[in-house]
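Enquirer: Quick one: the structure is below, and I'll ask about it shortly.
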Amino acid sequence: MSTSGERGSALAQPLRAPSAVRSAAYVGLFVLGAVVGTAGTLVQSGWFPGGLLLALAGAGGLFLGGSRATGSRAGAVAPAAGWMVVVVLLTATRPEGDFLFGTGLGSYLFLLGGMAVAVICATLGLGRQPGGRPVRLGK
């Protein structure tokens, strides 16, 4: 333990409950992820190569933007979870035989590409950054 009042490692810090504003932001990002997943489902098959790229770019923008807006990786995970729930629910067929996803290459690319984009954005998202002022070595 440091005597100069410095904080220890992030792993040694007690868990802090998120504030109400942060929790509301995560819920909003989850809902926004569900909306982007629904829109991407409709767009990706409508204009095949361009629609697929547009849907994946929109999802990636939301995931990375959520991470940057909240300043944590959870900001990328919340919309990715909403996206995943909606896309998985929309892949199921209904008793009437209706479905939104066809059995083509584009549908599989949308599903797997969206999952890959979610993992990439959650991995590259902002983690905890050390506090304090920036310094240069040797100064």
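The values are calculated or read from the model by the stated rules, or taken from the named source; none is laboratory data. In this text the structure is predicted, and so the values were computed from the model without any measurement. Reconstructed Cβ throughout: ideal geometry from the backbone, glycine too, with neighbour counts over all protein chains shown.
Enquirer: Within segment 63-76, restricting attention to residues that are touching a Leu at 6+ places or on another chain (Cβ under 6 Å) and in a helix (DSSP H, G or I), which residue is surrounded by the most Cβ atoms within 10 Å (Cβ to Cβ)?
Expert: Looking only at segment 63-76, we keep the residues that are touching a Leu at 6+ places or on another chain (Cβ under 6 Å), and these are 66-67, 71.
Filter once more, keeping what is in a helix (DSSP H, G or I): 66-67.
On the way: G66: 29, S67: 26.
Here the residue is G66.
Enquirer: Would you mind finding the one in L56, L89, L15 that is at pLDDT below 90, part of a helix (DSSP H, G or I) and not small (G, A, S)? Quick ask: steps written out before the conclusion?
Expert: Values: L56 fails: at pLDDT below 90; L15 fails: part of a helix (DSSP H, G or I).
Matching residue, one of L56, L89, L15: L89.
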